[in-house]
Amino acid sequence: MSESATIAAPLERSASGLALPRNLSWPALLIALALVVLPLVAGGYWVFTLGICFANAIAILGVSFLVRYGGEVSIGHGVFAAAGAYVVALAEKYLGLSVLLSLPLAALTGALLGMLFAYPSRNISGIYLAVATMALALALPEVLLYFSGVTGGYEGLYVKRDALPGVPRELQRYYLPLAGLVAVVVLLRHFRGSRQAMALLLIRTSAPAAESFGVRRSWARLACMALSAMIAAVGGALLSFSSTTVSPNSFTLWTSIFLLVGSVVSLYSLSLIGSLVGGLFLTLVPLLLAGAGNWVPILYGGALLAVVLGANALPAAWRKRLGGGQS
Amino acid sequence: MADVLGLVWAGIISGCLYAMGAIGIVLIYKSSMVVNFAHGNLAGLAAFLVFGFTAGTLGNMAWGAAVVLSLAIMVAAMALTYLVISPLVFKSDLTSTISTLGVGLVVQGLTQMVFGPDVVSLDLPLPAWRVDLGGLRISAYDLTVLGVTALVIGALYLLIERTRVGIAFRAVSANPFASRVCGLSLRRVHLFSWIVAGVLGLIASLLIVPTTFLSSTSVSSFMLQAFAAAVVGGFTSLPGAVIGGIFVGVLMNLLSFYVAAEFTNTYMLAIILLVLNLFPKGVLAVRGGARV
């Protein structure tokens, strides 16, 4: 019970705060405003990198959602991101749709895929889900390469079409992921107050209690995976838009593990600031360490361990305030 | 027909090695409720250590010495891994499982840094002997794998059934709370299972190398087969892991010969999803009834 109370606390605080609507907090609003004006002062390189960072942050939110609401870990979310990315690329190639039109399609594909995938393990322990997601992540490149006539094989596909005609291309690739990120965060805040979210959190806290209220475990598992995969697919779709290309190389098992690392570094946060921290970490570390490729996995692994162990070593009251995952 | 026989035989051989990997994963899960996602990376590092000590990257030793030294390093590495994640183990299974991924990343990075990303070949010192039995080709390698597997599983059986630490392991995996009340040290049992799992991982990864090749990623993907074997066996059953390993080995060989060879991991995914649908508690659980 304490756990759902923990997650509820920030909401109550901001509700009793200043004149803002309860879905917003002051620091997040300031950061969002700063990011909106940033392209006016920063160079093209940073605008490009941050666009990718926002898209990664959305995919990280998908992983965090699963940890927070489902209490499960996935090392296959790269696959759902890939689904979103390929839907956007294929919709452009065959139907000539721009990303704005194919984005709902990508989200739907992600949700369906997540549900389909969670179905076999809906009634049993989450470890099976974790192992199955690992197999999924490893299987994806094989499937993509086999259907190379459609998916473009090793080289992948390009996403060239503009989303909004008339707006400079670099700015589109910055503002669209940013808008997506803000929208996902706001929707997640809104979702937190809904009956469905309460039911999911209740079943995570105590399955017998939830079942006596008529909430089924299998429903919770499917709903969690569907929503989480949908968020990841939106992230992948925007990632393909802002990086202009999709290829099997960008969605390996490592992608999925790195997404989980990002989620851990953000303390499984579903807020704007938390997901930005995770996205920045994930995007900037390989850039900063470009000369030392082998250090990247070590640094990621070390960061994951440091955050997990550090959060565990904090006093219980602090940990509650951070509200990170299952403590 | 001879094809099928040969494929099944080869499947059983590699299945034995998947089983050995799976036993390690199940041992760790049964005692400490942690799914060790670093298992493949650690086993890969072990195989690379043997390669390094025999082929000159780290030294130039005889095979026996190299294996013993790698075994010692592996035991230390497993103990260190457990030590690193030990503050989390009793707090949250989810967090400790996530932290094994961190260990896996670090180990993977270290392997790449020391041994490079290249594919290397590691030949086991086995005689090039083979015999033809009615279309079935049996080589010295096959017999070694079978012999080592039988030896390892026999030893593990005796260890778990007959020794004090084995009894403690069974007690802890059945009921950790009651074991603690009886004065058992849970940490010691956890450490035991992690170290045994590491030793099994080293043996399995060394023996699998002649059939594939050794690169910084090949052994970790071999471990997917081990995970699939564990799932087929129900994840908490040691005999189930053995049966699962052989089942996965045979099925994989048949599928890659008769359907298409490039879908190894996709078959794994299909096997895992199918088994979860048909036997959610593993193939061995079908026989057991439920107590009401």
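The values are calculated or read from the model by the stated rules, or taken from the named source; none is laboratory data. Model, not experiment: these values are computed from the prediction. Cβ atoms come from the backbone with ideal geometry, glycine included; neighbour counts cover every protein chain shown.
The single condition from (1) in a helix (DSSP H, G or I); (2) within 14 Å of chain A (Cβ to nearest Cβ); (3) among the polar types (S, T, N, Q) that B:Ser193 fails is (2). Just one of (1) in contact (Cβ under 8 Å) with a residue 60 or more places away in the chain; (2) within 14 Å of chain B (Cβ to nearest Cβ) fails for A:Glu92. It is (2).
Could you tell me whether the range B:27-41 includes any residue that is more than 14 Å from chain A (Cβ to nearest Cβ) and either farther than 23 Å from B:Leu105 by Cα or part of a helix (DSSP H, G or I) (or both)? For the range B:27-41, residues more than 14 Å from chain A (Cβ to nearest Cβ) and either farther than 23 Å from B:Leu105 by Cα or part of a helix (DSSP H, G or I) (or both): present.
Out of B:Ala65, B:Ala72, B:Ala79, B:Ala10, one residue alone is over 24 Å from B:Ile153 (Cβ atoms) and surrounded by fewer than 24 Cβ atoms within 10 Å (Cβ to Cβ). It is B:Ala65. Within the range A:133-174, restricting attention to residues that are among the aromatic types (Phe, Trp, Tyr) and in contact (Cβ under 8 Å) with a residue 40 or more places away in the chain, which residue is farthest from the other protein chains (Cβ to nearest Cβ)? My answer is A:Tyr174. Total residues in the range B:200-222 satisfying the condition of being under 20 Å from B:Tyr141 (Cα atoms) and part of a helix (DSSP H, G or I): the figure is 12.
Condition check ((1) within 25 Å of B:Leu251 (Cα to Cα); (2) at pLDDT below 90) across all residues:
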site: B:Gly15; (1), (2): yes, no
site: B:His39; (1), (2): yes, no
site: B:Phe51; (1), (2): no, yes
site: B:Ser70; (1), (2): no, no
site: B:Ala77; (1), (2): no, no
site: B:Ser86; (1), (2): no, yes
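Scanning the range B:224-257 for residues that are within 13 Å of chain A (Cβ to nearest Cβ) and of a type in the set (Phe, Trp, Tyr) turns up B:Phe227, B:Phe235. Tally time: how many residues in the range A:280-327 are at pLDDT 80 or above, under 17 Å from A:Val63 (Cα atoms) and more than 10 Å from chain B (Cβ to nearest Cβ)? Qualifying residue count, the range A:280-327: 4. Does A:Leu61 satisfy the criteria of being part of a helix (DSSP H, G or I) and surrounded by 24 or more Cβ atoms within 10 Å (Cβ to Cβ)? So A:Leu61 fits the description; yes.
Restricting to the range B:109-133, name every residue that is facing chain A (nearest Cβ under 7 Å) and either outside any helix (DSSP H, G or I) or more than 22 Å from A:Gly310 (Cβ to Cβ) (or both). Residues satisfying the conditions are B:Gln112, B:Met113.
Counting the residues of the range A:175-197 that are free of Cβ contacts under 8 Å to residues at least 60 places away in the same chain and farther than 30 Å from A:Thr245 by Cα gives 4. Taking the range B:103-119, which residues are among the hydrophobic types (A, V, I, L, M, F, W, C) and in contact with a Phe, Trp or Tyr (Cβ under 6 Å, 6 or more places away or on another chain)? Passing the criteria: B:Leu105, B:Phe115, B:Val119. Of all the residues in the range B:158-176, those that are part of a helix (DSSP H, G or I) and farther than 15 Å from B:Lys30 by Cβ number 3.
All of A:Thr244, A:Thr252 fail the test of being touching a Phe, Trp or Tyr at 6+ places or on another chain (Cβ under 7 Å), at pLDDT below 90, more than 11 Å from A:Asn56 (Cα to Cα) and of a type in the set (Ser, Thr, Tyr), apart from A:Thr244.
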